[in-house]
Structures are given as C-alpha cells and as structure tokens.
Amino acid sequence: MTDLVIRALTPSDADLFHSLHDNALVGRGAFGHRYATVADGGEYRPDWTWAALRGNTVVARAAWWGSPDDTAPIALDWFDFAPGEEEAGAELLRRAPFRSEYSLLVPPGWREAPGVRAAAEGRIAAARAAGMEVLVERYRYTWTPDCPLPERPGRLTFRPEPDDAVILDVLRRVHSVTLDAHARRDIEGPGGLEAAARSELDFFHWCPSPREWWQLAYTPDGEVAGIQVPAHNPSGPCIGFIGVVPEARGHGYGYDLLVECTRFLVEQGAESIAGATDRANAPMAAAFARAGHPVTQERIDLVFAQG
C-alpha cells in the first residue's frame, strides 16, 4: 500500500478537500458549513485543514473551524475518511497540531438508521483511536416561525445586568450543582468551579451579539432565579445560555427562561433559533419540548483527555 502522507493543505491545493466523497448525512461537526476557504468566500483556513493522502488520493480529511478573530481553532468541524481508511483518519488526528473538541452532528434517531449509524460509529472509533473520548451526547434544536411561539408565563422579571462580576457570581451558583457535562468537566479540572463559570462568560463575550442582551431573572420577592442569554453565534441566533440557581429549582423556571430567550430573539427579528442541551438533562430537554423547539439533529461531543 502506498505510504501515507499527512499534511495541512495550502491555498493552492485546498480544492483537494473536495476530492473525497461527502456523506452529507453524517460527518460534519458543530458548525457544519459548506467547505470553502476564506479566500473563496467561505469560513475555513487552509492551514487548519489537513488531509491524509496516498499518492495523489485523499483518503482522510479534517477541517478545524474558528471565528475570524480566533487565533486557534475552537472546533474540529469536519472529519471523514474513505472506506477502509479508519486508521488513516485516526493517524491524521494524532499528527495534526490541534486538540479542539470534535462535535459530530447526526440525524435524530441516528442509531435506528443502519447506514448512518455505521458512518457515525466509524468516525467515533477513529477519533477514539486518536486519543479522544465521548464526553456527552446532546440534542440540537431549531425554532422557526412554523413552530409555536409560547406565551410568557409572567412569573419572573427580567433585567439586563451590566456588571460581569455579578454575571460571574450567578454562573458560579448555577454550575455549583449542574447536569451539564461540559461544565462538570471544567469543574473536575484544575480550574474547578471558577473555570466552569469563566468558560461560560468567555463564550458570551465571544458571541458577536450585544452585551446588553444578557439578562438576570428575578422572583416576585426580588431574589435571583437565574440567567438567560439570547445570542448570535457566527451562524445565527441561538439560545446562548439558560441557567437556574440551585435554590430556585423545582419550580420549572428553566421553561420561563427559555420562553423569554426565544421571544426576545424573535422580537429582534430572528427567523431561526438554534439551541442545545445534553440528552441526560431531562428538565431542560422537557423545557425545549414544551416551548415548541423541535429536535432537528443530535450531537456527539468528543474531547481529548485532560492533562
């Protein structure tokens, strides 16, 4: 068999990326853009796009993604390989100099479709062989005007909070008891709870949406119930964050926060709103269902081991 060559693509040969057959049902990551380089009007950078070649044939490829202002990729957004080339895919991930999270998008109920399941499990197996592990499976939602627009329950009062220190304190409280796998991973790492809270705050600032959109929710007696952050990520409007402080749980306030976030974005002109939650987060999944957000994809997040 021809020796394997693994390298980054260059502006002059980035079209090699398209020479591998695209299984559109599975294989793209969290952002899932059409592959085109920045020079061609797309969002990918050749030096963040790697390929494994046998001779002149691409047998595996991976494209990492970041916003225009990012100095390092934030996600492995595209990863696939030719039939029988799972090990080439794994070797590509081993040799590439990036350790970003891999978020694999699949259709709802993907395990019930044999072809989709085989394609997804092949990518997961290759990522695991490269040193990654499944962190969590998530539901991904898309609200559109064809979906119901729920009425505000009216139980909470929402106010913008301009002080990051106050926001950070609420995030610490939210994550002190959490079902969110990403937050729990941060908490188990060297930065602990502070790292989990600051990671959320950094994400809010990373989103290209107005700072004044961030809102705290208050009960009728003036106590903080939680936080909701309507946002735009680079792909469009999204439910940036929903969190209820531990002492306010048990009242279904997650639904109130989600409704407020949804209606706020609609009032800003949103015609499509993305959202996501862990499959294991039953209360939040129930809130999305009740608020009329349908599951449009599922997502499998894989990470490299910490340390």
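Those helices (runs of 4 or more DSSP H) of the stretch 118-232 in which at least 2 residues are touching a strand residue (DSSP E or B) at 6+ places or on another chain (Cβ under 7 Å) and within 30 Å of E91 (Cα to Cα), considering only elements entirely within it, cover 181-188.
For the stretch 249-260, does any single residue satisfy the condition of being closer than 20 Å to A181 by Cβ, out of contact with any helix residue (DSSP H, G or I) (no Cβ under 7 Å at 6 or more places or on another chain) and of a type in the set (K, R)? Yes, there is a match, as at least one residue in the stretch 249-260 is closer than 20 Å to A181 by Cβ, out of contact with any helix residue (DSSP H, G or I) (no Cβ under 7 Å at 6 or more places or on another chain) and of a type in the set (K, R). If you check R111 against the conditions, is it in a helix (DSSP H, G or I), closer than 17 Å to A52 by Cβ and either among the charged types (D, E, K, R) or out of contact with any Pro (no Cβ under 6 Å at 6 or more places or on another chain) (or both)? No; evaluated as a whole, the condition is false for this residue.
If you go through the stretch 1-48 and keep only what is within 30 Å of Y141 (Cβ to Cβ), in a helix (DSSP H, G or I) and either open to solvent by less than 50 Å² (accessible area, probe 1.4 Å) or modelled with pLDDT under 85 (or both), you end up with F17, W48.
Residues that are of a type outside the set (F, W, Y) and either in a strand (DSSP E or B) or within 28 Å of G189 (Cβ to Cβ) (or both) within the stretch 288-307 comprise V295, T296, Q297, E298, R299, I300, D301, L302, V303, A305, Q306, G307, listed in sequence order. Only one of the listed residues (L179, L257, L193) is open to solvent by less than 40 Å² (accessible area, probe 1.4 Å) and touching a residue at least 12 places away in the same chain (Cβ under 8 Å). That residue is L257. So, H205, is that one under 18 Å from I227 (Cβ atoms) and in contact (Cβ under 8 Å) with a residue 24 or more places away in the chain or not? In short, no. Number of residues in the stretch 90-108 that are among the small types (G, A, S) and in a loop (DSSP other than H, G, I, E, B): the value is 2. Scanning the stretch 94-102 turns up no residue that is at pLDDT below 95, under 15 Å from D301 (Cα atoms) and among the hydroxyl-bearing types (S, T, Y). Answer yes or no: is there a residue in the stretch 244-251 that is out of contact with any Ser or Thr (no Cβ under 9 Å at 6 or more places or on another chain), open to solvent by 20 Å² or more (accessible area, probe 1.4 Å) and either among the polar types (S, T, N, Q) or modelled with pLDDT under 95 (or both). No, the stretch 244-251 contains no residue that is out of contact with any Ser or Thr (no Cβ under 9 Å at 6 or more places or on another chain), open to solvent by 20 Å² or more (accessible area, probe 1.4 Å) and either among the polar types (S, T, N, Q) or modelled with pLDDT under 95 (or both).
For the stretch 49-96, residues that are β-branched (V, I, T), farther than 30 Å from D202 by Cβ and open to solvent by 50 Å² or more (accessible area, probe 1.4 Å) total 1.
Scanning the stretch 145-176 for residues that are open to solvent by 60 Å² or more (accessible area, probe 1.4 Å) and of a type in the set (A, V, I, L, M) yields L149, A165.
The values are calculated or read from the model by the stated rules, or taken from the named source; none is laboratory data. Not measured: the values here are computed from a predicted model. When we count neighbours, we look across all protein chains shown, and the Cβ atoms used for this are built from the backbone with ideal geometry, even at glycine. Just the protein is used for accessible areas: all its heavy atoms, side chains included, with ligands, DNA and RNA removed. Shrake-Rupley method; radii C 1.70, N 1.55, O 1.52, S 1.80 Å.
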